[in-house]
Amino acid sequence: STNTYFTVYIDEVRQDTRFNIKSGSETLTIASFEEGGVHNIRVLKQTEAANSLSVFEALSFKGYFEKAPAKKDLLIEFLGDSITSGFGNMCMNGASDAGSALNQDATQTYAYLAAEKLGADHSLVSCSGIGVANSWSGNFVMKDFFTTQSYYRSTSEKYEKIFSPDIVVINLGTNDHSKGSSPKKFISTAKTLINLIRRTYSDDVKIVWVTNMMGECMQNYTAKAIKELGGEENGLYICTLTENRQGGYYHPSKAAHVAAANTLAEFIRDNVLDK
């Protein structure tokens, strides 16, 4: 990719600058302090793997490392498509190249913002165009993406679990709808994906399937799959969010992601935690 964007937090304050690394190797200064003291610096990649594969080669600083911050009590993993990747959330309808790195920011999506509101650590497994049974392009679906360590680097290197989330949030179905997945195939593969997630992590990981951010795409069939697997009594939930297509290429806008994050965080707080 020609551009990879990063969000930087300094002492938990989000910096206004979108740090940009262009193609090749580049060195950036991400923070400087006039005075000494202890500071917390957090660097987050905004740009999805389909647009950018990047590697931190080295980190240099003046000072010393304190102990690593304690892990948070709640860990959420998000599985999703372009919505979760932030496709087009940095522009509005009519903008050209809505899917470019410039016009997406995964740290301003409903997923990242909901995790922040819940005080949770989070993992993001998302890819623009991906579906449960059928994807917008390519022959791979979320099952393939989820089971690889880094799909765009190697399709054969399998994912090695290093943690187990408390909750997995799924936001898929939009591309299945666009590509005409049959109800029977979608329901079957949705159930297979849920079972795969639980085999990978644990049988009691809570799963929240988010729907409606770009319309009712496969929503009824998602509900049927959830019901057939035991629904809320089996730790499976559906959270319906408000449709919005005011961002780039008819995706949710940045403001819509903020509203969706509020709704999702409240839903998880009220319906999933401590259940």
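For the reader, a short list of remarks on this structure follows.
- Ala95 vs. criteria assigned to a loop (DSSP other than H, G, I, E, B), among the aliphatic types (A, V, I, L, M), touching a Gly at 6+ places or on another chain (Cβ under 6 Å) and open to solvent by 10 Å² or more (accessible area, probe 1.4 Å): yes
- Matching residues, segment 125-163, being open to solvent by less than 30 Å² (accessible area, probe 1.4 Å), among the hydroxyl-bearing types (Ser, Thr, Tyr) and either within 25 Å of Ala98 (Cβ to Cβ) or outside any strand (DSSP E or B) (or both): Ser126, Ser135
- Residues that are closer than 14 Å to Val169 by Cα, among the basic types (Lys, Arg) and assigned to a helix (DSSP H, G or I) within segment 189-208 comprise just one, Arg198.
- Once segment 159-191 is narrowed to residues that are out of contact with any strand residue (DSSP E or B) (no Cβ under 9 Å at 6 or more places or on another chain) and among the aliphatic types (A, V, I, L, M), the residue that is farthest from Ser85 (Cα to Cα) is Ile187.
- Test: Thr242 is open to solvent by 20 Å² or more (accessible area, probe 1.4 Å), more than 24 Å from Thr147 (Cα to Cα), modelled with pLDDT of 95 or more and not in a helix (DSSP H, G or I): yes
Residue by residue, here is whether (1) among the basic types (Lys, Arg); (2) without any contact (Cβ under 8 Å) to a residue 24 or more places away in the chain holds:
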position	(1), (2)
Tyr5	no, no
Val8	no, no
Asp11	no, no
Glu26	no, yes
Ala49	no, no
Leu53	no, no
Tyr64	no, yes
Lys72	yes, no
Thr84	no, no
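- Residue list for segment 25-48, filter: modelled with pLDDT of 85 or more and of a type in the set (Ser, Thr, Tyr): Thr29, Ser32, Thr47
The values are calculated or read from the model by the stated rules, or taken from the named source; none is laboratory data. All of these numbers come straight from a predicted model, not from anything done at the bench. A quick note on method: Cβ atoms are made from the backbone with ideal geometry, for glycine too, and the neighbour counts reach across all protein chains shown. The protein model used for the area step is the full one, side chains on, heavy atoms only, and it has no ligands, DNA or RNA in it. Shrake-Rupley method; radii C 1.70, N 1.55, O 1.52, S 1.80 Å.
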